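Enquirer: I am attaching a structure below and will ask some questions about it afterwards.
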Amino acid sequence: MRDSTSCLTAVLLAVFLAATTANAQTQPGFRLEKVAEGIAIPWGMTWLPNGDMLVTNRGGELYRVRDGQISAPLGGVPAVHVNGQGGLLDIMAHPNYVSNGWLYITYSSPEGGGEGSHTAIMRARLEGNSLVEQQILYKGDENSGSGAHYGSRIAFDREGYLYFSIGDRGAHFENAQQLDRDGGKIYRLHDDGRIPADNPFISTPGAKSAVYSYGHRNPQGLTVHPTTGRIWEHEHGPMGGDEINLIQAGKNYGWPIIGYGINYNGQPLAEATSREGFEPPLFYWDPSIAPSGIAFITSDNYGPGLKGHLLVGSLKFQHIVYMVLDGDRVAEHAPVFQDIGRVRNIKQGADGYIYVATEGNGIVRILPE
């Protein structure tokens with residue numbers, strides 16, 4: 001997917017991507033600062049106005065991090081079914097948190113009856129060291145005992161709509177292409193859980209009216225482009241075929257009908273790599289990198305050359321992928337900060353620096369030299 005690049009891209013690659021074989025401690029021009037250590041699987045990160053960071057642990061705990069110190073687990077966390085890839089997942093403060101105090105959390109919820117759990121999103125306020133006023137905004141129907149593909153990430157667009165993802169729960173043929181079933185989809189709500197009147201399937205008989213797009217496998221990256229305002233998503237493929245998609249209302253992104261990977265038994269799964277009526281990915285990886293976490297660099301902390309470009313975490317290869325963008329096209333990409341650990345999330349903090357949550361190596365902040 002490499003095309004000819006501009007002079008700016010060439011300069012960026014020379015500076016930022018030099019010595020891509022370097023490990024996390026020797027990436028030229030940058031250094032890492034340990035922010036917190038001891039959270040086993042730090043899945044979600046968000047910041048409060050006073051600079052405190054809230055971090056979810058997939059095992060079911062919510063922590064406050066202040067000046068490098070991790071609090072005791074906060075109270076009021078919803079009942080979580082810790083099951084394979086399920087647990088306490090993403091967290092995000094409302095864009096107008098200063099005025100309304102709402103926090104949004106996705107998690108594997110056992111509520112609703114039946115075996116297992118399904119992905120839910122709730123909102124609550126933090127009072128002291130406990131969540132209060134919990135409100136479940138949406139929960140996937142038909143609990144499953146599968147530990148696979150809960151998703152889930154959260155994003156707010158410029159108009160204040162709330163987006164979140166639910167993976168196909170491992171039942172790709174049953175869920176991802178069926179509008180009357182939850183899973184394998186991106187959803188859109190008002191911030192209080194109401195269904196927007198212009199959601200694409202609100203008038204489709206039998207369809208889940210919260211669905212915004214479908215045909216997804218396991219989305220673990222969701223963010224908003226700082227200039228265009230478009231929703232960018234990445235998702236895990238099987239063996240090959242991890243994708244970055246530009247999310248559009250009502251579009252079908254093809255899983256499992258189209259895709260670039262094969263099944264874990266080595267046999268073909270998708271019928272084709274493209275087909276009319278299905279949205280192709282903006283970018284795909286083969287072999288898979290197991291992407292988790294996605295962030296645009298929007299601050300001036302790293303200089304103007306890096307601003308507006310994209311970072312994606314890799315669980316499999318334990319590095320970050322730096323992606324130079326030309327509009328909505330990936331012009332160049334390369335791994336940086338290799339051996340940083342299994343990257344679970346990447347976020348730009350309130351201070352304008354990039355924070356990377358890893359499994360085993362803690363949470364680190366990327367600083368320019």
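The values are calculated or read from the model by the stated rules, or taken from the named source; none is laboratory data. All figures in this text were calculated on a predicted structure; none of them were measured in a lab. No Cβ is skipped: glycine too gets one built from the backbone with ideal geometry, and neighbour counts run over all protein chains shown.
Enquirer: Is at least one residue of region 316-326 modelled with pLDDT of 95 or more, basic (Lys, Arg) and within 30 Å of Gly250 (Cα to Cα)?
Expert: No, there is no match, as no residue in region 316-326 is modelled with pLDDT of 95 or more, basic (Lys, Arg) and within 30 Å of Gly250 (Cα to Cα).
Enquirer: Quick one: how many residues across region 191-207 are surrounded by 15 or more Cβ atoms within 10 Å (Cβ to Cβ) and under 23 Å from Thr223 (Cα atoms)?
Expert: 7
Enquirer: Can you find a residue in region 144-161 that is closer than 15 Å to Met92 by Cβ, polar (S, T, N, Q) and either in a loop (DSSP other than H, G, I, E, B) or under 19 Å from the mean Cα position of the chain (by Cα) (or both)?
Expert: yes
Enquirer: Please specify each residue of region 326-348 satisfying the condition of being under 16 Å from Lys34 (Cβ atoms), under 19 Å from the mean Cα position of the chain (by Cα) and surrounded by fewer than 18 Cβ atoms within 10 Å (Cβ to Cβ).
Expert: none
Enquirer: Sticking with this structure for a sec: Just the residues that are under 13 Å from Glu235 (Cβ atoms) and part of a loop (DSSP other than H, G, I, E, B), please, taken from region 162-185.
Expert: Gly167, Asp168, Ala176, Gly183, Gly184
Enquirer: Here's something else I'd like to know. Lys347 versus (1) without any contact (Cβ under 8 Å) to a residue 40 or more places away in the chain; (2) part of a strand (DSSP E or B): which is the lone unmet condition?
Expert: Exception for Lys347: condition (1).
Enquirer: Within region 274-307, can you find the residues that are among the hydroxyl-bearing types (Ser, Thr, Tyr) and modelled with pLDDT of 95 or more?
Expert: Of region 274-307, the ones among the hydroxyl-bearing types (Ser, Thr, Tyr) are 274, 284, 288, 292, 298-299, 302.
Within region 274-307, Ser274, Tyr284, Ser288, Ser292, Thr298, Ser299 qualify.
Enquirer: For Gly128, are the conditions met, namely being closer than 24 Å to Leu103 by Cβ and surrounded by 20 or more Cβ atoms within 10 Å (Cβ to Cβ)?
Expert: no
Enquirer: Let me ask something else about it. Condition test on Gly151, is it under 27 Å from Leu54 (Cβ atoms), modelled with pLDDT under 95 and touching a strand residue (DSSP E or B) at 6+ places or on another chain (Cβ under 7 Å)?
Expert: Answer is no for this residue.
Enquirer: When residues of region 350-369 are filtered for being part of a strand (DSSP E or B) and either within 21 Å of Arg66 (Cα to Cα) or touching a Lys or Arg at 6+ places or on another chain (Cβ under 7 Å) (or both), how many remain?
Expert: So the answer is 11.
Enquirer: Within region 242-266, which residues are buried (at least 20 other Cβ atoms within 10 Å of the Cβ) and polar (S, T, N, Q)?
Expert: Asn245
Enquirer: Residues being surrounded by 17 or more Cβ atoms within 10 Å (Cβ to Cβ) and either at positive phi or at pLDDT 95 or above (or both): count how many of those fall in region 351-369. So that I can check it myself, show each step before the final result.
Expert: Of region 351-369, the ones surrounded by 17 or more Cβ atoms within 10 Å (Cβ to Cβ) are 353-359, 361-364, 366.
After this cut, where a residue has to be either at positive phi or at pLDDT 95 or above (or both) as well, the list is 353-359, 362-364, 366.
Going through region 351-369 one residue at a time, the tally reaches 11.
Enquirer: Would you check which residues across region 252-269 are out of contact with any Gly (no Cβ under 8 Å at 6 or more places or on another chain) and either under 19 Å from Leu179 (Cβ atoms) or charged (D, E, K, R) (or both) and list them? It would help to see each step written out before you state the result.
Expert: Initial filter on region 252-269 (out of contact with any Gly (no Cβ under 8 Å at 6 or more places or on another chain)): 256, 258, 263-268.
The answer is Pro256, Ile258.
Enquirer: Shifting gears a bit: Quick check on my filter: what residues within region 325-335 are closer than 18 Å to Asp286 by Cα and of a type in the set (A, V, I, L, M, F, W, C)?
Expert: Going through region 325-335, the residues closer than 18 Å to Asp286 by Cα turn out to be 329-335.
Within region 325-335, Val330, Ala331, Ala334 meet the criteria.
Enquirer: I want to confirm something. Restricting to region 288-325 and keeping residues that are on the phi < 0 side of the Ramachandran plot and of a type in the set (S, T, N, Q), which single residue is surrounded by the fewest Cβ atoms within 10 Å (Cβ to Cβ)?
Expert: By that ranking, first place goes to Thr298.
Enquirer: Can you confirm whether Ser288 is under 24 Å from Asp242 (Cα atoms) and of a type in the set (S, T, N, Q)?
Expert: So Ser288 fits the description; yes.
Enquirer: I'm checking my understanding of the structure. Among residues of region 16-58 that are farther than 24 Å from Thr223 by Cβ and of a type in the set (Val, Ile, Thr), which one is modelled with the highest pLDDT?
Expert: Taking the candidates together, the pick is Thr26.
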